[in-house]
Amino acid sequence: MDARTDIFSTGVVLYELFTYNHPFDGENMAATLMKIIHAVPPPLKNFVSDYPPELEAIIFKALAKNREDRYHSADDLALDLSQLQEHLKREIIGKHLQQVTVLLEKPNFSRPRINCCRPCKSTVRTPRQTFFCGKCNNVSQGTN
């Protein structure tokens, strides 16, 4: 036994976190122990419909039967998880930026609102000489 035993345990916890299932679920303790020794856990797709494939690779590397095939340290596992996290952040941000670009390209989005004369009955003056028009939602600086 060495630190890679803890890596295996961490893999079990990660598997359970994402699937809400035990990776080695037997009918009794003996069956569970036999699965831990000999069986490969069911793929994540059996329990989760949308997940990054890199996540499954990380979890299954942590759950490798042969300790030489597992991560050699918790730092190695943490590095792969943090790299996946950064990749997912960039992917999500990229998708949001694409959605914003589509919205900005719509003709109605950037069309200016009908301007009304300032001051009008809808204009509210704030203490800093900023005017807000409730009719056209225009905010302007000035002294009127």
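The values are calculated or read from the model by the stated rules, or taken from the named source; none is laboratory data. This structure is a prediction, so every number in the text was calculated from the model and none was measured. When we count neighbours, we look across all protein chains shown, and the Cβ atoms used for this are built from the backbone with ideal geometry, even at glycine.
Need at least 2 residues that are under 17 Å from the mean Cα position of the chain (by Cα) per element, so show me which helices (runs of 4 or more DSSP H) inside the stretch 1-107 make the cut, counting only ones lying wholly within it.
Helices (runs of 4 or more DSSP H) meeting the threshold: 3-19, 53-62, 74-105.
Per-residue answers, yes or no, for (1) under 19 Å from Leu88 (Cβ atoms); (2) out of contact with any strand residue (DSSP E or B) (no Cβ under 7 Å at 6 or more places or on another chain); (3) crowded, with 16+ Cβ neighbours inside 10 Å; (4) in the same structural domain as Leu77 (by TED's automatic domain parsing):
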position	(1), (2), (3), (4)
Phe8	no, yes, yes, yes
Val12	no, yes, yes, yes
Glu16	no, yes, no, yes
Tyr20	no, yes, no, yes
Pro23	no, yes, yes, yes
Glu27	no, yes, no, yes
Met34	no, yes, no, yes
Ala39	no, yes, no, yes
Glu54	yes, yes, no, yes
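Look at the stretch 56-80 and say how many of its residues are among the hydrophobic types (A, V, I, L, M, F, W, C), surrounded by fewer than 17 Cβ atoms within 10 Å (Cβ to Cβ) and closer than 21 Å to His22 by Cβ.
Going through the stretch 56-80 one residue at a time, the tally reaches 2.
If you go through the stretch 19-59 one residue at a time, how many are touching a Leu at 6+ places or on another chain (Cβ under 6 Å) and of a type in the set (A, V, I, L, M, F, W, C)?
Looking only at that region, the number is 1.
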